[in-house]
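Written out below as structure tokens is the structure these notes cover.
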Amino acid sequence: MKYGRFGTFLAIVVIIVGLTAGTYATIWHAIPLGLDLKGGISVLYRIDPDKGQTLTKAGIQAALQAVETRVNSLGVSSPIINLENGDEINVQIAGVANPQNAEQVIGQTAQLSIYSQITTDKNGQPTPVKSSLLITGNDIANNASVGQNQLGQSVVDITLKNKGQWTDITKKYFDQIIYTFLNGKMIDSAQVRAIIANGQTAIGPFATIAQSQTLAQQLNAGALPYPLKLMSYTNVGPQLGAASLKATLDAALIAVILIFLFMIVNYRIAGLIADIALVAYVYLTLLVFAAFPITLTLSGLAALV
């Protein structure tokens with residue numbers, strides 16, 4: 001009977017240790033790490049209505065939803081987006097590859113317009129003739145994508161919501177030049193060489209693919225209900241996050257070893273059983289973090305230890 005219980009205990013120990021050793025790496029990599037462990041950006045915006053605009057609860061929720069849509073367009077995992085002080089939006093994104101692009105996509109709206117006529121200002125810079133406006137960003141469907149023109153240059157492929165509108169424009173201005181402005185700056189002038197019935201066209205070219213990607217993401221995100229004013233911007237480098245993670249894990253390993261030794265020395269078999277139970281507890285906790293998933297931060301890791 002005694003040996004039967006010991007055999008059962010030994011089998012449980014083998015199962016727990018074997019399961020933990022065999023799967024802990026997979027589970028750990030499945031847990032999303034927070035900004036302080038992985039690096040990334042923390043951005044605080046204040047909702048800043050234009051003169052004459054009224055800030056309403058519905059408008060604040062719409063702004064929050066618009067920010068969430070823009071963050072999701074970046075393809076990041078487990079972002080943290082919170083409304084603070086009634087009119088501030090805090091965004092934390094861990095592991096973002098291009099922080100500057102992320103900040104532009106989140107807080108800025110691409111003001112895209114196409115005109116049929118331009119003039120020049122006193123500095124010789126092209127400016128649009130307002131009465132010749134043909135298309136705005138509101139006329140574009142949310143499926144902009146990065147492409148290439150015939151010369152291999154990076155462009156943004158767009159489709160108009162109303163295909164007939166683009167057909168009429170290309171028919172009316174056939175063999176004429178139309179001008180594309182982005183945020184008040186002319187980025188393209190092109191001659192209409194065909195009547196286009198499918199509502200598709202390209203904007204550009206751009207100097208880099210990153211510029212095309214940023215514009216495509218901004219166009220797909222749509223307009224913000226209110227302008228956002230950048231209040232603070234913090235960029236936590238991946239090296240700093242990795243250093244924090246390593247230091248915390250090293251401290252945790254030392255603490256666990258000391259606890260295990262203390263329990264075994266003072267309580268012997270009972271201490272060993274408690275140690276095995278502690279291993280099972282930590283394993284199940286990490287499994288829950290990976291399954292839901294729950295973002296693990298530096299303070300959360302310290303609390304777990």
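The values are calculated or read from the model by the stated rules, or taken from the named source; none is laboratory data. The shown structure was predicted, so the numbers you read here are calculated from the model rather than taken from an experiment. When we count neighbours, we look across all protein chains shown, and the Cβ atoms used for this are built from the backbone with ideal geometry, even at glycine.
Which one is farthest from residue 47 (Cα to Cα) among residues in region 74-115 that are among the β-branched types (Val, Ile, Thr) and free of Cβ contacts under 8 Å to residues at least 40 places away in the same chain?
Only one residue fits best here, namely 76.
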- Note on the structure: Apart from one, (1) closer than 25 Å to residue 36 by Cβ; (2) under 23 Å from the mean Cα position of the chain (by Cα) all hold for residue 247; the odd one out is (2)
- Note on the structure: Going through (1) modelled with pLDDT of 90 or more; (2) out of contact with any strand residue (DSSP E or B) (no Cβ under 8 Å at 6 or more places or on another chain); (3) surrounded by 16 or more Cβ atoms within 10 Å (Cβ to Cβ) one by one, residue 222 fails only at (1)
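Looking at region 1-51, which of the residues that are in a helix (DSSP H, G or I), touching a residue at least 40 places away in the same chain (Cβ under 8 Å) and within 17 Å of residue 246 (Cα to Cα) is farthest from the chain's Cα centre (by Cα)?
24
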- Query: Mind checking which residues of region 142-155 are surrounded by 12 or more Cβ atoms within 10 Å (Cβ to Cβ) and either among the hydroxyl-bearing types (Ser, Thr, Tyr) or modelled with pLDDT of 85 or more (or both)?
  - Reply: 144, 145, 146, 147, 148, 149, 153, 154, 155
- Query: If you check 204, 271, which single one turns out to be at positive phi and either assigned to a helix (DSSP H, G or I) or modelled with pLDDT under 90 (or both)?
  - Reply: 204
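So that you can scan it fast, the table gives a plain yes or no per residue for (1) at pLDDT 90 or above; (2) among the charged types (D, E, K, R); (3) assigned to a helix (DSSP H, G or I); (4) more than 16 Å from residue 37 (Cα to Cα):
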| residue | (1), (2), (3), (4) |
| --- | --- |
| 265 | yes, no, yes, yes |
| 279 | no, no, yes, yes |
| 282 | no, no, yes, yes |
| 285 | yes, no, yes, yes |
| 289 | no, no, yes, no |
| 302 | no, no, yes, no |
- Query: Taking region 95-131, which residues are farther than 29 Å from residue 226 by Cβ and small (Gly, Ala, Ser)?
  - Reply: 116, 124
- Task: Go through (1) among the charged types (D, E, K, R); (2) outside any strand (DSSP E or B); (3) over 25 Å from the mean Cα position of the chain (by Cα) and name the single condition residue 188 misses.
- Result: (2)
- Query: Got a sec? Which strands (runs of 3 or more DSSP E) wholly within region 108-150 have at least 3 residues that are under 26 Å from the mean Cα position of the chain (by Cα)?
  - Reply: 145-148
- Query: If you take the residues in region 71-99 that are touching a strand residue (DSSP E or B) at 6+ places or on another chain (Cβ under 9 Å) and part of a helix (DSSP H, G or I), which one is surrounded by the fewest Cβ atoms within 10 Å (Cβ to Cβ)?
  - Reply: 99
